[in-house]
Amino acid sequence: MPSAVPVENGLDQASDSIPSHPLGVKPLGNQYFHRGEVARSAIGTWASLPEEMLTVLLEYLDVPGLFNLGHTCKYFYAICHLDDFWKALFLSQQADSVNPVRWAGTWRSTVLGLQEQPSRQIDCSNVFSDVLHRPFACSNINLQHYVTGIPKANQIRRFDNLSYEEFAKHWTSEPFVLSQCIQDWPVTSQWTIDSLLKDHGNVTFRAEAVDWTFKTYCQYMTDNADESPLYLFDRGFAEKMGIKVGRDADDAAYWRPDCFGPDFFEVLGDERPAHRWLIVGPERSGSTFHKDPNATSAWNAVIQGSKYWIMFPPTAHVPGVYVSKDSSEVTSPLSIAEWLLTFHEEARQLPECVEGICDAGEILHVPSGWWHLVVNLEAGIALTQNFVPKSPSLHHLSEAISFLRDKADQVSGFRSDIENPYELFAQRLGSNYPEALEKAVELAGRKSGKKRKWDAAVAVDETESGGGGFSFCFGGDDEDIA
């Protein structure tokens, strides 16, 4: 353990779970208890720069530059071992590399091609740095400190299962967990990380910024010290793995749970945006606060492992999350661990806070527009799918229509050849659910505070449809199509 309690906000409450830094680096506050030479005093004119600025400058170094600087003194030895520098270098190299990746335990060792971590490291116990110690501390927090003792008022609602009628009438706008919903999926009993490694170890999946075989990702997953571990999040997994999805498919691996009912985005067929993903990750991996794309709702089914969720309704002000005026940019410059250390206690006190754990064999519902952070409590597998639920109020359909229509620059997941997702969605809805479309557009107009005329937004093309079809009109006054 460091010789003094870390002075940074939040670290003291989890200090019992933080071991000594492998190089002996200590938090900056410990410097005031140190008698002897401080390593930073030996870096000459570099010492005039704040440590944060120094790390920005080091981001411009290439591999030889970073390696050589790290052998000039103890301080630079410690700072040039910061794995974030080497991760950035690895990613820049991968763009032009065709060689297979051999994960070596750290980004530095992987970039340098080291066979294993050296058994002896230079003693940097006189290096005092929050910039260097905090990522290490965050990668060693005890997650149980944050996921136990959930206040009763915050606990997410749990059911064995729901019918579609119950979901549509009462629960489309509320998060909940179902414990007896996916037990008949074949993947629930067949998939584990080990079985996927055996059957699909050479399949390449997307894990954030890298495309790795599952074998390589498993090597990384079981041997890394990243503050924010890479999260395998692949939308083409079904095709890559050769599995079938859907209750109507022969030998289907899984299907949409009946309780969530019809999905309005299904009218788009093969032109719908990306909507289903395979998720695999180690402990501490997950997603920082975000809302799901295109104003969709989602379900997330845990096949192996367990996940902690903390959620807030659309209008809530989440501590540590800053949103631009038009909601196009969300700033949360914190890792999951750092958010837990800094803001979790405050967030848990808010009346809107909803939190809980979703275990293997359970499925969680994320309503449209809800903020959520999720973290794996252990290595695990999950399947997730985004959808637009059909509910009597048509609230969620109107939200999706408003998003596609009014926030075209934020729409994501559609193929590049689909130039106007809103127009396409409206045309398909008009052919399949004309009354729902009319009501949803009217509702979207009322929500946006704009006076909209239905006959200016849609028109029946009797020539093409024989009087019964639907087409979308974008001509006329800009206000009518805004």
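The values are calculated or read from the model by the stated rules, or taken from the named source; none is laboratory data. Computed from a predicted structure; not experimentally measured. Accessible surface areas use protein heavy atoms only, side chains included; no ligands, DNA or RNA. Shrake-Rupley method; radii C 1.70, N 1.55, O 1.52, S 1.80 Å.
For residue 199, the solvent-accessible surface with a 1.4 Å probe is about 100 Å², rounded to the nearest 10.
Based on alpha carbons, the Rg and Dmax found for the range 321-375 are 13.1, 39 Å. Only protein heavy atoms count here; under a 1.4 Å probe, residue 169 has an accessible surface of about 150 Å². Using the Karplus relation 6.51 cos²θ - 1.76 cosθ + 1.60 with θ = phi - 60°, the per-residue 3J(HN,Hα) values for the range 373-387 come to 10, 9, 9, 6, 8, 7, 4, x, 10, 8, 10, 9, 8, 9, 7 Hz, with x marking Gly and Pro. In the range 126-176, the alpha-carbon atoms span a convex hull of 150 Å³ per residue.
The residues of the range 222-368 expose, per residue, 39 Å² of accessible area to a 1.4 Å probe. Counting only heavy atoms of the protein chains, get the accessible area per residue of the range 26-79 (1.4 Å probe) and round it to a whole Å² value. Per residue, the range 26-79 has an accessible area of 62 Å². Residues 76, 159, 67, sorted by accessible area with the largest first, give 67, 159, 76 [1.4 Å probe; ligands and nucleic acids excluded]. Here the chain exposes an accessible surface that is 49 percent carbon and sulfur, computed with a 1.4 Å probe and the other protein chains kept in place.
Principal-axis analysis of the Cα atoms of the chain puts helix 395-406 at an angle of about 70° to the longest axis.
Taking amide H atoms as placed 1.01 Å from N in the peptide plane, list the residues 5 or more away in sequence, or in a different chain, whose amide H sits under 5 Å from that of residue 231. Answer set, sorted by chain and number: 208. Within the range 95-249, the proportion of Cα pairs with more than 22 Å between them is 65 percent. Heavy-atom accessible surface of residue 40, to the nearest 10 Å², is about 60 Å², with a 1.4 Å probe and all protein chains retained. Excluding same-chain neighbours fewer than eight residues apart, the lysines reachable from residue 198 by a Cα-Cα span under 25 Å are 215, 240, 244, 307. Once the Kirkwood radius over Cα pairs is known for the range 265-370, the Stokes-Einstein relation at 20 °C and 1.002 mPa s delivers a diffusion coefficient of 138 µm²/s. The listed residues 354, 280, once ranked by accessible area (1.4 Å probe) with the largest placed first, stand as 354, 280. Couplings 3J(HN,Hα) of the range 351-358, computed from phi: x, 7, 5, 10, 8, x, 10, 10 Hz, in residue order, whole Hz [Karplus 6.51 cos²θ - 1.76 cosθ + 1.60, θ = phi - 60°; x for Gly and Pro]. At q = 0.23 Å⁻¹ the log10 of I(q)/I(0) for the range 386-437 amounts to -0.95, computed by Debye summation with a single uniform scatterer per C-alpha, solvent ignored. Ordered by solvent-accessible area of protein heavy atoms (1.4 Å probe), largest first, the residues 345, 438, 419 come out as 419, 345, 438. Taking 30 Å as the straight-line reach from the Cα of residue 447, the lysines in range (excluding those fewer than 8 positions away in the same chain) are 169, 291, 325, 390, 407, 439. Only alpha carbons enter this Debye calculation for the chain, each as an equal point scatterer, and the log10 of I(q)/I(0) it gives at q = 0.07, 0.10, 0.12 Å⁻¹ is -0.45, -0.87, -1.16.
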